[in-house]
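First comes the structure, then the notes that go with it.
The values are calculated or read from the model by the stated rules, or taken from the named source; none is laboratory data. Worth saying up front: this structure is predicted, and the values here are computed from it rather than measured. Cβ placement follows ideal geometry from the backbone for every residue including glycine, while neighbour counts extend to all protein chains displayed. Accessible surface areas use protein heavy atoms only, side chains included; no ligands, DNA or RNA. Shrake-Rupley method; radii C 1.70, N 1.55, O 1.52, S 1.80 Å.
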Amino acid sequence: MALLEVHHLIKAFGGLKANDDVSFVIEKGELLGLIGPNGAGKTTCFNCIAGMFPPTSGRIVFDGQDVTGLPAHEMARRGLARTFQVYTAAGDLTVGENVLVGCFMHTRSRSSAKSKADGILEQMGLKEFRHQLVSELPVAAQKRVTMATALGTDPKLLLLDEVAAGLNPSEIEATMAGIRRIHAELGVTVMLIEHVMELVMNISHRLIVLDYGRKIAEGLPKDIARDPQVIKAYLGERYVREHAAEIGG
Ligand SMILES: Nc1ncnc2c1ncn2[C@@H]1O[C@H](COP(=O)(O)OP(=O)(O)O)[C@@H](O)[C@H]1O
Ligand SMILES: [Mg+2]
């Protein structure tokens, strides 16, 4: 069953269509990757889904209900959580406090929010950092804090915007494991924007590719990696040469 349907989404900023007639569906339980060059409209697509700003036209259906134009706090209440490309956890709060904030979305009880936060800290490998200020952590751990805070709200759908950008290989590995746990253990449907191909190609059930605001391809990672239009717009010939064995070029 579809958890999210995006129908003919257009988002214009003045004369620029950052999203230009984009349509896709996310099934419940899916792990969907969104890729494409810088400026392709990926973050804008997340912003429209998450209610940061209303679409210029088009329709968004979440969990069976038309949510087009609903504000971000209402989308959050309905089960949509997201992280931001530019890092946004509160640096002057501790890791534990950051995660606790999200946990108050559906409860007023401090003890139940607290026990939930503890579970999430454990799952995201952040327990050892709980009393530290977020600003004191390595970037990789800071990014896990934003994921953990989003999870505190009990999302049905989690949107991750470049959570592996700037991480080293072992940190990417840890982030990938974290996303897999969120998906498998918490049953959260995930959509992720990512430039780290190793992560997005491995983790995604399906990929959507944007270029100049338009959807240019959609399909299994192995098919996307061989799609001439995607290679031309984004992946490049070099990627294909270096990964020929995996994608069966
Ligand atoms: N709030 C905004 N106001 C004006 N232009 C914007 C805004 N947000 C994004 N854009 C423009 O929309 C296009 C797509 O941006 P974005 O969605 O951030 O791309 P991506 O995340 O794929 O790199 C870019 O040309 C960007 O400059
Ligand atoms: Mg972006």
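Things worth noting here:
- Among the candidates Ala244, Ala217, residue that is small (Gly, Ala, Ser) and farther than 25 Å from Val22 by Cα: Ala244
- Restricted to helices (runs of 4 or more DSSP H) entirely inside segment 29-141, those with at least 2 residues that are of a type in the set (Gly, Ala, Ser), more than 15 Å from ligand 1 (Cβ to nearest atom) and surrounded by fewer than 16 Cβ atoms within 10 Å (Cβ to Cβ) are 110-123.
- Inter-residue pairs, beta-carbon under 8 Å, first at positive phi and in segment 151-169, second within 16 Å of ligand 2 (Cβ to nearest atom) and of a type in the set (A, V, I, L, M, F, W, C), 6+ apart: Glu162/Ile193
- Within segment 197-212, the only residue that satisfies the criterion of being assigned to a loop (DSSP other than H, G, I, E, B), open to solvent by 40 Å² or more (accessible area, probe 1.4 Å) and more than 16 Å from ligand 1 (Cβ to nearest atom) is His205.
- Given (1) farther than 20 Å from Pro37 by Cβ; (2) assigned to a loop (DSSP other than H, G, I, E, B); (3) of a type in the set (A, V, I, L, M, F, W, C), index of the condition Val163 fails: (1)
- Of everything in segment 168-196 that is within 16 Å of ligand 2 (Cβ to nearest atom) and open to solvent by 10 Å² or more (accessible area, probe 1.4 Å), the residue that is farthest from Leu4 (Cα to Cα) is Val196.
- Every residue from segment 96-133 that is touching a Phe, Trp or Tyr at 6+ places or on another chain (Cβ under 9 Å) and farther than 25 Å from Glu74 by Cβ: Gly96, Leu121
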